[in-house]
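Nothing in this text is a laboratory measurement; each read-out follows from the coordinates by a stated rule. Every value quoted in this text rests on a predicted model; they were computed, and no experiment measured them. In this analysis, Cβ positions are derived from the backbone assuming ideal geometry, glycine residues included, and neighbour counts consider all displayed protein chains.
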Amino acid sequence: MIDQTLEPIISMVNITKIFPGIVANDQINLDLKKGEIHALLGENGAGKSTLMSVLFGLYTPESGQIKKYGSVIKIKDPNDANRYGIGMVHQHFKLVEVFTVLDNILLGNEPMQGPFIDRKIAKKEIIQLSNQYKLSIDVDAKIEDISVGMQQRVEILKMLYRKNDILIFDEPTAVLTPQEIEELMKILRNLKKEGKSILFISHKLNEIMAVSDRVTVLRKGKSVGTLWTKETNPSALSNLMVGRDISFEINKSSAKIGETSLEIKDITYLSPRTKKAVVNHLSFSIRKGEIVGLAGIEGNGQSELAHLIAGLLQPHSGKIFLKGKDVTHQSVRYRNDLGLAHIPEDRHKYGLILDNPLYQNLVLKKYHRSPFQKNGIIQKRKWLQLGNALIQKFDVRSGKGIHSLTRSLSGGNQQKAIIAREIDSNADVMLAVQLTRGLDVGAIEYIHSQILTQREQGKAILLVSLELEEILKLSDRILVIFEGKIVAELLPKETSKEAIGLFMSGGKAS
Amino acid sequence: MKFQALMSSIIAIILGLFFGLLIMIIANPLTAFPGFITMIGGWLNNESLRRLGDLIFLAGPLILTGLSVGFAFKTGLFNIGATGQYTMGMFAGIFVGIYGDFLGPLQWIFAFIAAMIFGGLWGLIPGILKSYFNVHEVIASIMLNYIAMYTVNVWIQGDESLFNVAFSKTRAIDLNAYIPTTFLRDIFDRSAIDFGIILAIGFSILIYFILYKTKFGFELQAVGSNRFAAKYSGIKENRSVILSMVVAGALSGAAGALYFLGKGSIDSGNQYSVGNELMSAGFDGIAVALLGQSHPFGIVLSAFFISFIQRGGYFMQTLGIKVEIIDVIIAAIIYTSAMAMLVKDTIIKWLKGGKKK
């Protein structure tokens, strides 16, 4: 148990960090005591990573101060941070794949013997450190040959080798298997025992409850409180994390539900890299005239699930039925033509050919059909007609109309263009992934109303979103995905953000 | 837009020529200016029609290798293997040109088609490697350039009917295998010109049509611009990559046929000298495609220009200037044209500003 009255080793005072159009950190205060594990909890985009990047010198805040033992310090870059004993394990490891573990730890801090690196001394020191902190590693193995868990231990040793005593972990469990997570929890406790102070970013409640001493909750860039972990519980935390704001209700007619349009049966997908089941024996179905919301924290298999349904990935096992037909092994085009519209998660990578004119993007799902082509010859006049009709109907604004380079459109208008194209395809099933990410309020309202119109026309819609408000507002049914499995099926009227948030963090699953 | 593209190429050419002149002055100030004048057109003073005919003949294969590289560029691939495909096309052309005498007057057509098939197959290999094994087409094509050269050398040297040991060259092909020349030679004073140039220009129109007017071309370009979005929209991207390489290979193969099925200016044809050096034709195609900004019609213009300046270099040798200076100038033009594309807007502004004064 740490001393409550102890002076903090690091305090962040009134930190404000503004990105164009968004206040990522708004007057945040945070203090870290010596020998403490301090968790930072919040939804995606709440500002956790930004705050830690400020501490590590990756971002310069607009205002606010960082103090170490009460005196103000200036951290302009990670080298400064290192000098003040601050180390960070990033979500995506910063390791050289083809170097050995030893060389990765030394890199940037090599012990020199004249012009040569003295690996012998370093190796002894590192082995001693790994014993002291019970971090089992193979110093001579190459990074590309070792497990993700060991790579993480290498990152931790990198910090220890540099004698850092303030350790930041950015979502360290996101890439680990359950066993590796157990192992990490032990390591964190060991580090704490040896007197290190730890900042631990997570949105998984059970981990926070298991390992942290205190927890600071961020919501929409603001700190909503710091609590003693012992004195709180998962539902109180999830409550704080998602907020209590009552979502703006929209006029939604009651669902006129028809037959099943999309059925997912016991589908499994293994990550090609880690061989972990990213989608794990998952089943559900969607009927005509309903919007099914798929809620979950990023990286729990929803992106892969969407790609499996669209045909961009092939499942390891299981079946997908579209309008009663088994499409598991059918091409993307077959599914599109049979009746699947897809608003993709990454609109720049998948949704649009940014360097082509807008009208070519608007015809992208139709160009191969009559009358848009005849005997293999494209019918440009029809393409232009379609483009003009769509930008008018869906109010897509651009400098030179349909001849504008798609790249030159604003994010909201790019998304409107995709939605125009997908709605125009008049498919019976619509897959809508991160429908409104990064868009302004006006565009969001418009897109939501378009989706609801689709529902009224009897389309079956799967809405995959990280935004709980969006899910609650639009869905007729809510599924919660956690670690590749559906862990709950809820009705929006009978549930709350807090309850969903709990399921999303695996709260009731554990 | 098109005017701007043309202007940026022309500016690149002027800058490149200026750079070449500079090199020539450094090398030998006395011959530099006469040499330069010879290069930029002086060589056409004597026997002008005949020399013009040769220029046109030599532009044909350049158009086709340029189209080969340019077409691949448009579809997101870098076909550095044009030389290997050209070599394969040449072999097939010569083979049918010597063994295919039973084909009668159609012999040259079959030789030409065989060359396209061989070139296409040689493009198919890197296409398959890229699609299914994720091997970068540049690596695979460079290897295949050498494989093509050595394989063809072995094939030719192993066959008495193809190989003239005394000259270490291929034998002359049958008369029916020459691309027809008919009245063109009379117009151009018995030069090397034949109907190959019409074929080459025909191919550039065909490629333009495929790229900009067909569903197939739209798909290929979509894969080239964003393969993820192409896949998302239902295009089979692997198939597109393979087909694109096959088309590119067939064009380079056709270029090989176009040159080696040519009758030549002294009716002796063009023979392949067996050696251990890659033929430069494919690499010239890269220059042609870059200068022509990969547009099928731009490529025709740039092929004529490159042919013009290469012939100039050839005649410059009479003044004791090394023919390699032409390669330096072409390289300089490629560099400046790449830069011209970068600073196009500045140049356009500068041009407009100039007009106002």
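Rounded to the nearest 20 Debye, what is the dipole magnitude of chain A about its Cα centre when Lys and Arg each give +1 and Asp and Glu each give -1 at the C-beta?
Values: 69 positive and 57 negative charges, 241 e Å.
The calculated dipole for chain A is roughly 1160 debye.
Go through A:68/A:123; A:319/B:130; B:130/B:215; A:34/A:120; A:68/A:192 and tell me which ones have a Cα-Cα distance over 27 Å in this structure.
A:68/A:123; A:319/B:130; A:34/A:120
Step by step: find N for the protein assembly as shown, compute 2.2 N^0.38 Å, then divide the Cα radius of gyration by it. What's the final number? Numbers along the way, then the final one.
Values: Rg = 33.9 Å, N = 867, 2.2 N^0.38 = 28.8 Å.
Relative to the rule-of-thumb radius for its length, the protein assembly as shown sits at 1.18.
For region B:124-215, take every pair of Cα atoms, bin their distances at 10 Å starting from 0, and report each bin as a whole percent.
13, 19, 31, 29, 8, 0
So for region A:184-297, Kirkwood radius off the Cα pairs, Stokes-Einstein at 20 °C and 1.002 mPa s: how many µm² s⁻¹?
Translational diffusion coefficient: 116 µm²/s.
Whole Å is fine, so just give me how far the alpha carbon centre of region A:466-500 lies from that of region A:58-102.
With region A:466-500 and region A:58-102 each reduced to a Cα centre, they are spaced 37 Å.
Have a look at region B:55-110 and give its Rg and Dmax from the Cα atoms, expressed in angstrom.
Cα only, region B:55-110: 14.1, 42 Å (Rg, Dmax).
Using 5 Å bins from zero, what percent of all Cα-Cα pairs in region A:443-488 falls into each bin?
That works out to 5, 18, 28, 25, 12, 9, 2, in percent per bin.
What ranking do A:80-93, B:72-85, B:245-258 get when scored by the average of other Cβ atoms within 10 Å per residue, highest first? Provide the component values of the computation, followed by the final result.
On the way: A:80-93: 18.3, B:72-85: 27.6, B:245-258: 31.8.
In decreasing order of mean packing, A:80-93, B:72-85, B:245-258 become B:245-258, B:72-85, A:80-93.
What value, in deg cm²/dmol to 500, does the helix sum -39500 (n - 2.57) over DSSP H runs of n ≥ 4 give at 222 nm once divided by the residues of chain A?
Result for chain A, helices only: -9500 deg cm²/dmol.
Residue by residue through region A:484-492, what is 3J(HN,Hα) from phi via Karplus (6.51 cos²θ - 1.76 cosθ + 1.60, θ = phi - 60°)? Round to whole Hz and write x for glycine and proline.
These are the phi-based 3J(HN,Hα) values: x, 10, 7, 9, 7, 10, 10, 9, x Hz.
How big, on average over all directions, is the shadow cast by the Cα convex hull of chain A, in nm²? List each step's numbers first, then the result.
Values: hull surface 107.6 nm².
About 26.9 nm², averaged over all directions.
Tell me which of B:224, B:134, B:245 sits at the most positive position along the dipole axis of chain B, charges placed on C-beta atoms (Lys, Arg +1; Asp, Glu -1).
After comparing all options, I get B:224.
Cα-Cα over 30 Å: which of A:497/B:236; A:142/A:485; A:48/A:196? Mind showing how you got there, number by number?
Working: A:497/B:236 42 Å; A:142/A:485 34 Å; A:48/A:196 21 Å.
As for pairs spanning more than 30 Å Cα to Cα, those are A:497/B:236; A:142/A:485.
Where does the Debye-calculated log10 I(q)/I(0) of region B:52-298 sit at q = 0.12 Å⁻¹, using only Cα point scatterers of equal weight, no solvent?
Scattering profile of region B:52-298, log10 relative to I(0): -0.65.
Let's see if you can work this out: charge +1 on each Lys and Arg Cβ, -1 on each Asp and Glu Cβ, no other charges. What is the dipole magnitude of region A:289-417 about its Cα centre, in debye to the nearest 20?
The dipole of region A:289-417 has a size of about 800 debye.
Under unit Cβ charges (Lys, Arg +1; Asp, Glu -1), what dipole magnitude, rounded to 20 debye, does the protein assembly as shown have relative to its Cα centre?
1740
Let me understand region A:92-164 better: what is its radius of gyration from the alpha carbons, and its Dmax, in angstrom?
For region A:92-164, the Cα radius of gyration and maximum Cα-Cα distance read 11.5, 35 Å.
What pairs from A:365/A:459; A:94/B:231; A:276/B:231 go past 27 Å between their alpha carbons?
Violating the 27 Å limit, Cα to Cα: A:94/B:231.
Using θ = phi - 60° and the Karplus form 6.51 cos²θ - 1.76 cosθ + 1.60, what ³J(HN,Hα) does each residue of region B:235-251 get, whole Hz, x for Gly and Pro?
Working through the residues one at a time gives 7, 7, 5, 4, 4, 4, 4, 5, 4, 5, 5, 5, 4, 4, x, 4, 5 Hz.
I need the peptides B:295-303, A:317-325 ranked by packing, meaning the mean over residues of other C-beta atoms within 10 angstrom, with the highest value on top.
B:295-303, A:317-325
Put +1 on the Cβ of each Lys and Arg and -1 on the Cβ of each Asp and Glu in chain A; which of A:79, A:309, A:478 then has its Cα farthest toward the positive end of the dipole?
A:309
Scan chain B and report its longest stretch carrying no GluC sites (Glu not before Pro) that are both in a DSSP loop and have at most 14 other Cβ atoms within 10 Å.
B:161-276
Show the residues, 5+ positions off or on another chain, whose built amide H is closer than 5 Å to the amide H of residue A:33.
Amide H neighbours of residue A:33, under 5 Å, 5+ apart: A:9.
Ignoring everything except DSSP H segments at least 4 long, calculate the 222 nm mean residue ellipticity for chain B; use -39,500 (n - 2.57) per segment, divide by total residues, nearest 500.
Value at 222 nm, helices only: -24000 deg cm²/dmol.
What's the average, rounded to a whole number, of partner chain beta-carbon atoms within 10 Å of each residue's beta-carbon in B:232-240?
Mean shielding count: 6.
Could you state the per residue volume, in Å³, of the convex hull enclosing the Cα atoms of region A:260-504?
126
Please list 3J(HN,Hα) in residue order for region A:144-160, calculated via the Karplus relation 6.51 cos²θ - 1.76 cosθ + 1.60 where θ = phi - 60°; whole Hz, with x for glycine and proline.
5, 9, 9, 6, 4, x, 5, 4, 5, 5, 5, 4, 5, 5, 4, 5, 5
Under the definition of Cα pairs under 8 Å and six or more residues apart, what whole-number percent is the relative contact order of region A:92-164?
Answer for region A:92-164 is 45 percent.
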